[in-house]
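Below is one structure; the comments refer to it alone.
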Amino acid sequence: MTSNEVAIIGAGLSGLALALSLHKQSIPCTIYEARSASLDIGGAIMLSPNALRILDSLDIYQKIKFKGFEFQNLHFYTDKPLDSFEFGNNKKYHYDALRIYRHELIDALVTALQEKGVPIQYGKKFTRILSESETEVTWEFEDGQTSQAACIVGADGIHSRVRQYLYPDLEPHFTNAMGVTAAVPTSQLKETETFEMPLTIMNPKHGAFVIAQQLSDGSEVLIGKQKRATDLGRDGWNNLLNDKKWCVDFLREGSKDYPEIVRSAVSDISLNKINLWPFYMVPKLDTWASKHSRVVILGDAAHAIPPTSGQGVNQAFEDVYTYSVILSKCNEANLEQGLKIWQKGRQARIDQVLELNARIDARRMPQLHDTTVSGFDSKPFDLEWLYSPDFDEMVEGWLAEMK
């Protein structure tokens, strides 16, 4: 596959990281993005050691490390300390967790691709696959132009247009929940000496309230809660964002029932620092690749992970890196088998993350109603499997199944 071009649909984090991963494997590629610039849907993301290891191998980590806030644990409270979850640890996994604004990472990836001469074509909206053979795929853009490549990869998110070729009738399932978040100055917070941050305060009536530092010096915090909602569609969500006053009211709702740190956090909220995050799910898919293996989906287009363990974008980076390695080691004859092995290995990791999410939820949720419950398991989760894999070695293990 090293002599054939890969077309990438979507210049978000997954598409940009995929292009850089393919370039590392000497596989030519072009990114096509519908918008006039790479998608930055706002806010910060959390990167754990598994993703940071990949970004380090792509020479990106050192460029972003000092632009985000490093931390190790997220702390959970009810009316007292409840639990903590490890998101990173430099001594154990060689990386602390990093909370960084999405645009900072996008800028670093775009700059790296420009330096390497990897083309990104903006204003090119993919519409449909026209044909697929054993050696190439042809597709159409909204402007009527067509193009061909050896492979096309849908890195175009949970509402993927590329996925429609594989699953014409599939619609992402809205979970009837959305995250409402804002960013406020850390100096605004009171009672900080009582709590360790980042933190989640769990209230049986109003739900979980999150406070997490961001910016390199921790001078800003994200605050947020989840809200039940009905699916409004893209236009509906955009309309909702045009009137952010209700977001402020929601974040303040019930604040008198939380500690002072929450009441102070919501005391002054700027409307231009608010984001909405509707939560969608994609059912477990039988295949992430087409019949001739020329059309592939990955990241949120192939799977969407609940936010419990903070692994959404991190697992997408695992997808793109391992896909690029698989592609570099397969030829025309064994590409189909290689992609099946890749999906099997990746799905096993996704299933482990989903199991971890369930264990986290089961461990904490009963405590919301009775914080005196005895026998609470406070032992740290074993996360070595998640945070410390050697991905090149992992792929070699998968490929050994083909021999």
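The values are calculated or read from the model by the stated rules, or taken from the named source; none is laboratory data. No experiment lies behind these values; they were computed from the predicted model shown. Every residue, glycine as well, gets a Cβ built from its backbone with ideal geometry; the counts of neighbours run over all protein chains shown. These accessible areas exclude ligands, DNA and RNA; they are computed on the full protein's heavy atoms, side chains included. Shrake-Rupley method; radii C 1.70, N 1.55, O 1.52, S 1.80 Å.
Being among the hydrophobic types (A, V, I, L, M, F, W, C) and loosely packed, with under 15 Cβ neighbours inside 10 Å is the filter here, so list the residues in the range 149-181 that pass it. Please lay out each step first, then the result.
From the range 149-181, those among the hydrophobic types (A, V, I, L, M, F, W, C) are 149-153, 155, 158, 162, 166, 170, 174, 177-178, 180; that's our starting set.
Selection gives LEU170 alone.
Consider LYS190 carefully, then state whether it is at pLDDT below 95, outside any strand (DSSP E or B), open to solvent by 30 Å² or more (accessible area, probe 1.4 Å) and under 30 Å from LEU82 (Cα atoms). First the steps, then the outcome.
Values: at pLDDT below 95: no; outside any strand (DSSP E or B): yes; open to solvent by 30 Å² or more (accessible area, probe 1.4 Å): yes; under 30 Å from LEU82 (Cα atoms): yes.
So LYS190 fails the test.
From the list THR138, THR146, exactly one residue is open to solvent by 40 Å² or more (accessible area, probe 1.4 Å), in contact with a strand residue (DSSP E or B) (Cβ under 8 Å, 6 or more places away or on another chain) and either among the hydroxyl-bearing types (Ser, Thr, Tyr) or over 26 Å from ILE305 (Cα atoms) (or both). Which is it?
Details: THR138 fails: open to solvent by 40 Å² or more (accessible area, probe 1.4 Å).
After ruling out the rest, the residue left standing is THR146.
Here is a list: ILE297, ILE269, ILE326, ILE341. Which entry is modelled with pLDDT of 95 or more, hydrophobic (A, V, I, L, M, F, W, C) and touching a Lys or Arg at 6+ places or on another chain (Cβ under 6 Å)? Reasoning before the result, please.
On the way: ILE269 fails: touching a Lys or Arg at 6+ places or on another chain (Cβ under 6 Å); ILE326 fails: touching a Lys or Arg at 6+ places or on another chain (Cβ under 6 Å); ILE341 fails: touching a Lys or Arg at 6+ places or on another chain (Cβ under 6 Å).
The conditions single out ILE297.
Residue-by-condition table, conditions (1) among the aliphatic types (A, V, I, L, M); (2) assigned by the TED database to the domain that holds ASP156; (3) out of contact with any Asp or Glu (no Cβ under 8 Å at 6 or more places or on another chain):
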| position | (1), (2), (3) |
| --- | --- |
| LEU240 | yes, no, yes |
| VAL248 | yes, no, yes |
| SER267 | no, no, yes |
| ILE274 | yes, no, yes |
| PRO306 | no, yes, yes |
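Filter the range 2-24 down to the residues that are under 20 Å from THR135 (Cα atoms) and part of a loop (DSSP other than H, G, I, E, B), then identify the one that is most open to solvent (accessible area, probe 1.4 Å).
Restricting to residues being under 20 Å from THR135 (Cα atoms) and part of a loop (DSSP other than H, G, I, E, B), the top hit is SER3.
Out of all the residues in the range 154-169, is one or more outside any helix (DSSP H, G or I), within 24 Å of the chain's Cα centre (by Cα) and at positive phi?
Yes, that holds for at least one residue.
Among what's in the range 288-300 and is open to solvent by 50 Å² or more (accessible area, probe 1.4 Å) and assigned to a loop (DSSP other than H, G, I, E, B), pick the residue that is nearest to GLU132 (Cα to Cα). Break it down stepwise before answering.
Initial filter on the range 288-300 (open to solvent by 50 Å² or more (accessible area, probe 1.4 Å)): 291-292, 300.
Restricting the remaining residues to those that are assigned to a loop (DSSP other than H, G, I, E, B) gives 291-292.
Numbers: LYS291: 9, HIS292: 7 Å.
Result: HIS292.
Does any residue in the range 384-398 that is at pLDDT 95 or above come within less than 8 Å, Cβ to Cβ, of a residue that is outside any helix (DSSP H, G or I) and surrounded by fewer than 16 Cβ atoms within 10 Å (Cβ to Cβ) six or more places away or on a different chain, and which pairs are these?
Correct list of pairs: SER388/HIS94.
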